[in-house]
Every structure is written in structure tokens, then in C-alpha cells.
Amino acid sequence: MRRVESEIKIGSVTASTTPRRESRALIRMVSELGMGGAGGRCVMEIAGPSLAPPDIGDPVTVSFGDGQASTTVFTGEVQQVTRTAVALKVTAVDGLAKLARTDVEAAYEGKTAGAIVKDVLSQAGVDAGTVHDGPTFSSYLLHRGPRALRHLQRLAELCGADLYTDGDGKICFTTPEEEGAEHTFKYGEHILQLSLESTPPAFDSVVVWGEGAASAKGAGKEHWLISDLSSVSGKAAIGERGTVTAGQEGDRPLQVLDGAVRSGEAAQEIAKTRAASAASRAVRGYLAVLGEPSVIPGDRVVIENLPADRPAPSGPALRVRRVRHTLEAPGGFVTRMEF
């Protein structure tokens with residue numbers, strides 16, 4: 001049987017599944033990281049209702065190991081503390097919560113999407129992980145009102161990227177081009193639960209339309225309005241096997257119109273990445289296995305020995321969008337991945 005050791009640090013308090021003189025007993029833990037939401041979350045129950053509670057904002061780290069090495073699966077800060085009859089219940093959130101509390105106001109000229117993301121993360125006081133460089137914007141404005149999180153979510157949607165944190169709490173901004181680590185699980189051997197469904201995109205191509213004359217009249221004319229938008233447009237088609245072909249348009253295109261796009265180069269890159277993002281989700285569902293702490297959002301999963309009646313991925317692997325680790329007495333250590 002695989003040996004599993006878990007350790008949680010909350011401020012000055014340490015909780016563990018392994019009996020130690022200096023640590024408290026960990027009763028239950030659920031941690032989650034994922035794309036397309038407001039951020040990651042971790043809920044921990046520690047034995048000892050009389051234990052002095054941590055302060056709101058105290059640092060939290062959760063790691064799993066086998067006695068030889070350990071992997072950090074969650075890094076964040078305390079958001080809420082409650083007591084039950086037998087335990088202290090602590091809820092923590094990751095770095096995206098800081099973005100949701102941060103106001104930003106900035107104007108960028110000639111900056112890539114990745115440079116904008118890194119600057120906003122710096123203003124919010126959070127670390128950057130893997131950040132996709134993305135298209136270059138002639139001009140891009142962030143105004144007060146929407147918080148930093150909403151601004152970066154909108155930028156991610158425009159660029160066909162995803163915003164999330166990794167196990168070390170670093171915020172990532174990636175597309176399917178940034179291939180994470182690959183994990184292989186065998187049907188009938190590692191898998192506890194599996195549900196997959198074929199979900200081909202509702203459109204077969206992406207067409208992006210921008211504004212301005214930067215492509216036709218030069219970078220200094222991005223504020224001009226022109227009657228012919230062909231120079232500030234881009235398109236990409238999605239093939240049957242999830243392949244993306246730049247410069248082609250299908251019969252059912254997704255039309256994207258955004259004034260932040262001021263050049264043909266940016267429009268073409270956005271069309272390609274948005275088409276690749278849609279193609280990467282041709283199969284959706286979830287997979288549960290015996291605890292695998294090394295999996296993070298953005299990683300790839302290969303399922304071997306899949307029965308013929310199960311929908312197979314359109315590409316070589318499934319892209320993980322959400323990871324949930326659960327550790328409790330009834331079910332043990334289980335990792336659930338959503339695609």
C-alpha cells in the first residue's frame with residue numbers, strides 16, 4: 001500500500017496525519033485549485049477545539065509526501081476560522097483572493113498580455129508563475145471599478161488563456177500551448193471514478209475583429225478609425241482532430257469584436273489561441289484516482305486501456321482544468337481531476 005503523509009502549516013501551528021510531538025492531528029482536508037473560477041480553496045479540520053485559532057491572513061501551506069519527498073498542493077492564507085465540538089475548522093484561499101481585493105489603474109503602450117499580467121500581479125503583491133506572453137497591444141487601459149481579478153479574467157478570455165494558481169501559490173496565465181507535466185493512469189488499475197463526455201465546440205473557427213489603423217497606417221495611428229477592418233482581423237479554423245489552422249474560416253465561426261485589438265498581428269494570434277483553447281476541450285468530465293499530489297491545473301492526463309465505449313480524447317492527452325485533493329478517514333487520499 002502506498003504510504004501517504006500530509007502536513008499542514010497554519011501560521012505557527014502544524015497539523016499532520018503522522019503522529020509527531022510538535023504537531024496536531026489532522027482530521028480532514030479538502031484542497032482545490034482550478035481554472036475558470038474565483039480561485040483555489042482549502043478546508044482543514046484539526047483535532048482540538050480548544051486550540052488557539054490562527055489569525056485571518058496567516059499563511060497556509062499543505063503538502064503530501066511518502067516519507068522521502070513531499071509536494072506542496074496548496075499555498076494561501078486564512079480566510080475563516082470556526083469551531084466544532086471536536087475540531088478547529090480553518091478555511092483558506094489562494095492568491096486570486098488578493099486580486100479580488102486589489103484596485104488597479106494603469107495604461108500600457110506596446111506591451112504584451114504577459115507583461116500586463118505580471119505588472120498587475122506585482123501591484124497586488126502576489127508571485128507570478130508560468131505566464132503566457134501572448135499578443136502585443138498597441139494600447140491597453142485598466143480603470144478603477146472592476147478589481148484586478150476581473151481585469152485579468154477579461155484579458156484571459158480575450159487571449160484564450162486561463163488564470164489560476166499552482167501548488168506554491170504562484171498565479172499562472174497559460175494557454176494550451178504551455179503543456180504541463182504529463183500523467184498516465186490505467187483504466188482498471190489506478191482509476192476510482194471516470195466520467196467523460198464528447199463535447200465538440202459549437203463553432204468550427206474563430207474570427208477576431210479589432211479597431212484602429214495600426215496595421216495599415218503604422219503603430220502611431222492606432223487611434224485612427226478605418227472603414228476597412230481586413231487589416232486588423234484574424235481567423236483560425238478547428239479541425240476534426242482538434243488541429244488548428246491559422247488563416248482559415250469555417251462555416252460556423254465565432255465572431256469576436258474587441259477594441260483593445262489594434263493590429264492584424266494581435267488579431268491573428270488571438271484567433272489562433274482561442275481556437276486552440278476551444279479545441280482542447282473536445283472531451284469533458286472528471287477522473288478520480290488514489291492520491292496523486294503532483295497534478296496541478298494545466299497538466300496533461302493520458303488514460304490507458306480505455307474501453308471502446310468510452311469517448312477518447314481528440315488529442316494525445318486531456319488538459320486538467322481543476323484539481324481537488326481530499327484526505328479523510330472514510331475514503332483515504334483521493335485526487336479528482338476535471339477536464
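In segment 160-209, inverting the average of 1/r over every pair of distinct C-alpha atoms gives 15.0 Å as the Kirkwood radius.
Taking max minus min of the alpha-carbon positions on each principal axis, the chain gives extents of 73, 51, 31 Å, largest first. Placing unit charges on the Cβ atoms only, positive for Lys and Arg and negative for Asp and Glu, gives segment 5-93 a dipole magnitude near 240 debye about its Cα centre. Of the residues A279, I303, Q268, the one whose Cα sits farthest towards the positive end of the charge dipole of segment 263-339 is Q268 (charges of +1 on Lys and Arg Cβ, -1 on Asp and Glu Cβ, taken about the Cα centre). Determine which residues of segment 129-146 fall in the zone a paramagnetic label at D103 would reach in this model, i.e. backbone nitrogen under 19 Å from the point 7 Å along Cα→Cβ. So the set is 141-146.
Pairs spanning more than 24 Å between alpha-carbon atoms, out of K111/K170; K111/K272; K98/K272; K170/K272: K98/K272; K170/K272. Of the beta bridges in segment 5-93, as assigned by DSSP with both residues counted there, near 95 percent are antiparallel.
Amide hydrogen proximity for F74: with H placed 1.01 Å from N in the peptide plane, the residues at 5 or more positions away or on another chain lying under 5 Å are V62.
Annotation: aspartates and glutamates with alpha-carbon distance below 18 angstrom to K235 (same-chain offsets under eight excluded): E157, E177, D204, E211, E249, D251, D258, E265, E269. By the rule of a C-alpha distance below 14 Å, with chain neighbours fewer than 8 residues away ignored, the aspartates and glutamates paired with K186 are E292, E304.
A Förster radius of 35 Å, combined with the Cβ-Cβ distance separating T243 from A25, puts the computed FRET efficiency at roughly 0.10. Close amide H contacts of G134 (hydrogens built in the peptide plane, cut-off under 5 Å, sequence separation of 5 or more or a different chain): G114. A simple spin-label model places the labels of Y286 and A202 2.3 nm from each other, with each point 7 Å out along Cα-to-Cβ. The length gained on full extension between E177 and T18, counted as 0.36 nm times the residue separation minus their Cα-Cα distance, comes to 53.3 nm.
Here segment 241-296 is treated with +1 on each Lys and Arg Cβ and -1 on each Asp and Glu Cβ, and its dipole about the Cα centre works out to around 140 debye. Put a plus charge on the Cβ of each Lys and Arg, a minus charge on the Cβ of each Asp and Glu, and nothing anywhere else: the dipole of the chain about its Cα centre is then about 700 debye. Pairwise Cα distances in segment 5-93 exceed 15 Å in 56 percent of cases. Entry note: segment 1-154 has Rg to Rh equal to 1.08, where both radii use alpha-carbon atoms and Rh is the Kirkwood radius. Each peptide among 89-102, 234-247 gets the average number of other Cβ atoms lying within 10 Å of its residues, and from highest to lowest they stand as 89-102, 234-247. What is the helix-to-structure angle for 264-279, meaning the angle in degrees between its Cα long axis and the longest Cα principal axis of the chain, kept from 0 to 90 and rounded to the nearest 10? Taking Cα atoms only, the helix is inclined about 40 degrees.
Here segment 260-339 has an Rg and Dmax of 16.8, 57 Å, counting Cα atoms alone.
As a rough guide to protection, the peptides 275-286, 108-119 ranked by mean Cβ packing within 10 Å, highest first, stand as 275-286, 108-119.
The long axis of helix 148-159 is offset from the longest Cα principal axis of the chain by roughly 50 degrees. Remark: relative contact order (the chain) = 17 percent; criterion is Cα-Cα distance under 8 angstrom and separation of 6 or more residues. Between the beta carbons of Q123 and V43, assuming R0 = 30 Å, the FRET efficiency works out to 0.55 to the nearest 0.05.
The sum of -39500 (n - 2.57) across all DSSP H runs of n ≥ 4, divided by the residue count of the chain, sets its helix-only mean residue ellipticity at 222 nm to -4000 deg cm²/dmol. For A52 and T130, the FRET efficiency from 1/(1 + (r/R0)^6), where r spans their Cβ atoms and R0 equals 45 Å, is about 0.75. With the convex hull drawn over the C-alpha atoms of segment 98-174, the volume per residue is 72 Å³.
Throughout, read-outs are computed from the coordinates displayed, never taken from laboratory work. All figures in this text were calculated on a predicted structure; none of them were measured in a lab. We place every Cβ from the backbone using ideal geometry, glycine too, and count neighbours over all the protein chains shown.
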